[in-house]
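The values are calculated or read from the model by the stated rules, or taken from the named source; none is laboratory data. All figures in this text were calculated on a predicted structure; none of them were measured in a lab. Methodologically, a virtual Cβ is constructed for each residue, glycine included, from the backbone with ideal geometry; neighbour enumeration extends over all protein chains shown.
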Amino acid sequence: MLSRVADNLYWMSRYLERAEHTARLIDVSLHQMLDHRMQEEQPRWQRLRASLSTPATNDKVDSSYSITELFTFETSTTTSIGYAIAAARENARQVREQISSEMWEQINRLYLQIKQTSIDELWFAQPHAFFSNVKEGVQLFRGITDATMNHSEGWHFIRVGNFIERASATSTLLDVHYQTFFESEQSDHQTAIDHLNYQDWVGLLRSCASFEAYCKVYTAASIQPERIAEFLLFNAESPRSIYFAAGMSQTALQSIARATHIRRHGRVERLAGRLRAGLEYDQVEDITQDIHAYLENIQRQCSQIHNAIYQTYMVYPIDVALRERASGRA
Amino acid sequence: MVISDTSGQSALPPPFAHYDFANSYDEMFDVHKHPRPAYQKLFHSLLEIPAEMLHQLQQDADLIFLNQGITFTVYGNDEGTERIWPYDLLPRIITAQEWDILERGLTQRITALNLFLKDIYHDEHILRDKVVPRALVYSCHHYRHQMRGVNVPLNSYVSIGGTDLVRLPDGQFAVLEDNLRVPSGVSYMLANREVMKRILPSFFVSHAVRSIEHYGQALLNTLISLASPARPNPTIVLLTPGVYNAAYFEHTFLARQMGIELVEGRDLLAHDNIIYMRTTGGLRRVDVIYRRIDDDYLDPLIFKSHSSLGVPGLLNAYRAGNVALANAIGSGVADDKAIYAYLPKIIRYYLNEDPILPNIETYLVSDDLQRRYVLENLDKLVVKAVGESGGYGMLIGPYSTAEQREEFRQRIIADPRNYIAQPTLALSRAPCFLENHIEPRHVDLRPFILHGDQVTIVPSGLTRVALQRGSLVVNSSQGGGSKDTWVLYE
């Protein structure tokens, strides 16, 4: 397929995942705020900024109202939901004939919904309802995509975008959270958590749509940082774990390699394979010494995979491609 | 059933009660206000269908267009927005005999036009023989000196043409203008047929309407025929300016119908005079480009340098014979409205035949005598800029204001080469279903002519309707609508 089309599909997918993640994060944060005192809001909102890779500022954040506005509607912020959905829709629009009409209708519907909501409407109505709509809107899009689009090259690019973004965003979220709440030098068995921190850890799980799944694997009384890290990083069955995302990315990239018959895909496959293998064989006990370094490494690998995808399939230099053509001719 | 009254209005039975007759040819009714033979069945069906049902059918049609996203971008409103394709329920019917003349006439015309283009870019016999003034050709904006001496596949410059026909008050079809650069509208012709089949299959069954489903195949075959014989499995692409273009829907529609890749300029690159497209599987050579971009924007190295829509190096690849273009660069000379006035002579010159389809009388204001006449009669004439399309740059004398006429007077005096004038025509009118009754509106007809290794004309065309009462402007970019167009088997 045209490189430009692959590019658009990939970014459409990444932006949608980003929007869903942001919606979930804000929703959970607003909810948690209800149990906390006002003066504790500042650190929370700075953490939120950091989790979404937005640079921290020294401006005192006015209120949850203004930060909600910032991350939902502010289109100059590239991490806002409004920006992400608009960008996803624009990408979809550029390749409209490559996606099914049902997909287009759904993304358009979601876009119009957000465009037609104002911060005041959101705030004084039920913020939760709004964020649920965003999440469900994206999830519906995913379902429609799987059901109406051929699972061919374009679909695989959508998968890669989805899971690379998830892996990257989840590892960033974990990293910020652990830096705040986890003291690894405390003890070598599970750290005691006081009742306020307990809610923060539950909040982390909920932000990853993983609380209930986690409780099935461990029990609710067992909210412990290492177990949570283990679940969110390494669990093979949870669709929200970073290991799962790495596996899905690798599978999709392998399918793309098969579809394109390109010879240069070795590097991107090695990078994807290495990420997945690392997550398959590492154990939480080995990483708690320096969980920050481990998570940072994951983000770096995601970034490398992203760059390799571009180098291999989209922005490859002409002379490399021509050499390959020449040598490939029978 | 027809009760004539002294007011000159018809008193036809409902839903035709508001049907008025004027000086123009009426597609459906003859001078005695009886339905013409080809329209009899339709007339009687319409008498039996209640207006509410017709209204419902019209809404069904609109819904189909809406759901499929069949739109057109209209400029000139406050928002240049996508509007759903305005479609009129009632088909326009053309008999087999009428079509036969059109087919022969259009074939003759496209053949002559291609011979003309070949000649002016090579040996210029027609210019040396002074049949067409050399200055007229050279001063045409769309004459591309870069094409001098360049050979094009099959000598086919215009591989896809759309010629606008009008029916004069005597019932004869005449050519209003040729569109030979990037003619559009065929997707709407096809969509109109699809919608008609879905909402009124019973109408279809009772008539014997020639099929047009093969257009996509015919177009593809035409494009394939342009490929070099040395390339057995040619790669064909459709080059679009992108999503913001008014006709983007048509570009995606045709690409899908033909199963070819839809590309933008940025997907293509020229290397060693060969055109490639950038795919995830590497670079893929391109053999034939159906380009929906005007010459000016095709190659920033040669034409408009600020354009980002084209492909740098495309012209050189074209000149080297490594890629074919439909339509050829420089074809625009032949649809210049001043050159149009010479078409009858051009046909006679190359084919030794009289034109089967007549031209409309045209005044060339670059000639002093003709210019004087035109300036004295601006209120009666239609003045057009020679290189425009879409109904822009046009003055319709009888409907104009004094300021508009003055503006055009200045333009003509300043730049006579670039204007022509024609008498205001009474375009024929066809019945349209508007707000619960049937009224006539002005129509024209744009058939699409394919010219590759053979000439193929799909039996139909885009019938465009000036939806506003009294309006003569049918162009969709200014809010006109269209009808399904039927050519009968007999």
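Residues of the stretch B:422-441 that are among the acidic types (Asp, Glu) and in contact (Cβ under 8 Å) with a residue 60 or more places away in the chain: B:439 alone. Residues that are out of contact with any Lys or Arg (no Cβ under 9 Å at 6 or more places or on another chain) and among the basic types (Lys, Arg) within the stretch A:152-168 comprise just one, A:159.
Determine if the stretch B:261-272 includes at least one residue that is more than 14 Å from residue B:322 (Cβ to Cβ), modelled with pLDDT of 95 or more and in contact with a helix residue (DSSP H, G or I) (Cβ under 6 Å, 6 or more places away or on another chain). There is at least one residue in the stretch B:261-272 that is more than 14 Å from residue B:322 (Cβ to Cβ), modelled with pLDDT of 95 or more and in contact with a helix residue (DSSP H, G or I) (Cβ under 6 Å, 6 or more places away or on another chain).
Yes/no matrix, rows are residues, columns are (1) surrounded by fewer than 15 Cβ atoms within 10 Å (Cβ to Cβ); (2) assigned by TED's automatic domain parsing to the domain that holds residue A:9:
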position	(1), (2)
A:48	no, yes
A:82	no, yes
A:95	no, yes
A:110	no, yes
A:121	yes, yes
A:129	yes, yes
A:138	no, yes
A:156	no, no
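Looking across B:185, B:149, B:171, one residue alone is in contact with a Lys or Arg (Cβ under 7 Å, 6 or more places away or on another chain) and either at positive phi or without any contact (Cβ under 8 Å) to a residue 12 or more places away in the chain (or both). It is B:185. Considering only residues that are under 20 Å from residue B:231 (Cα atoms) and crowded, with 19+ Cβ neighbours inside 10 Å, which ones fall in the stretch B:261-278? Hits for the stretch B:261-278 are B:261, B:268, B:269, B:270, B:275, B:276, B:277, B:278. Considering only residues of the stretch A:124-154 that are outside any helix (DSSP H, G or I) and aliphatic (A, V, I, L, M), which is nearest to residue A:82 (Cα to Cα)? Looking at the filtered set, the residue picked out is A:125. Among residues of the stretch B:253-287 being at the interface with chain A (Cβ under 10 Å from one of its Cβ atoms) and part of a helix (DSSP H, G or I), the one that is farthest from residue B:224 (Cα to Cα) is B:266.
When each of A:8, A:108 is tested for being over 30 Å from residue B:283 (Cβ atoms), within 22 Å of the chain's Cα centre (by Cα) and within 14 Å of chain B (Cβ to nearest Cβ), the lone residue that passes is A:108. A single member of B:356, B:346 is closer than 23 Å to residue B:110 by Cα, among the aliphatic types (A, V, I, L, M) and assigned to a loop (DSSP other than H, G, I, E, B), and it is B:356. Residue B:171 fulfils the conditions (1) in a loop (DSSP other than H, G, I, E, B); (2) within 20 Å of residue B:121 (Cβ to Cβ) except for a single criterion, (2).
Here is a yes/no grid of residues against (1) at pLDDT 80 or above; (2) farther than 26 Å from residue A:30 by Cβ:
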residue: A:170; (1), (2): yes, no
residue: A:175; (1), (2): yes, no
residue: A:178; (1), (2): yes, no
residue: A:184; (1), (2): no, yes
residue: A:196; (1), (2): no, no
residue: A:200; (1), (2): yes, no
residue: A:213; (1), (2): yes, no
residue: A:224; (1), (2): yes, no
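Mind listing just one residue for me: the one in the stretch B:102-145 that is among the polar types (S, T, N, Q) and either at pLDDT 95 or above or closer than 23 Å to residue B:445 by Cβ (or both) and, of those, surrounded by the most Cβ atoms within 10 Å (Cβ to Cβ)? Selected residue: B:114. In the set (1) at pLDDT below 95; (2) part of a helix (DSSP H, G or I); (3) among the charged types (D, E, K, R), residue A:74 fails one condition alone, (2). Scan the stretch A:249-263 and tell me whether some residue there is touching a Leu at 6+ places or on another chain (Cβ under 8 Å) and at pLDDT below 95. Checked the stretch A:249-263: no residue is touching a Leu at 6+ places or on another chain (Cβ under 8 Å) and at pLDDT below 95.
Here's the yes/no breakdown for (1) of a type outside the set (D, E, K, R); (2) surrounded by 19 or more Cβ atoms within 10 Å (Cβ to Cβ); (3) closer than 20 Å to residue B:263 by Cβ:
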residue: B:306; (1), (2), (3): yes, no, no
residue: B:319; (1), (2), (3): no, no, no
residue: B:327; (1), (2), (3): yes, yes, yes
residue: B:331; (1), (2), (3): yes, yes, no
residue: B:335; (1), (2), (3): no, yes, no
residue: B:338; (1), (2), (3): yes, yes, no
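Looking only at the stretch B:444-458, decide whether some residue is surrounded by fewer than 18 Cβ atoms within 10 Å (Cβ to Cβ) and assigned to a loop (DSSP other than H, G, I, E, B). Within the stretch B:444-458 (the criterion being surrounded by fewer than 18 Cβ atoms within 10 Å (Cβ to Cβ) and assigned to a loop (DSSP other than H, G, I, E, B)), the answer is yes, since at least one residue qualifies. Listed here are the helices (runs of 4 or more DSSP H) enclosed by the stretch A:220-330 that have at least 2 residues being β-branched (Val, Ile, Thr): A:242-260, A:284-287, A:291-309, A:318-328. Tell me, please, whether a residue that is farther than 21 Å from residue B:295 by Cα and surrounded by fewer than 23 Cβ atoms within 10 Å (Cβ to Cβ) can be found in the stretch B:235-248. Checking the stretch B:235-248: at least one residue is farther than 21 Å from residue B:295 by Cα and surrounded by fewer than 23 Cβ atoms within 10 Å (Cβ to Cβ).
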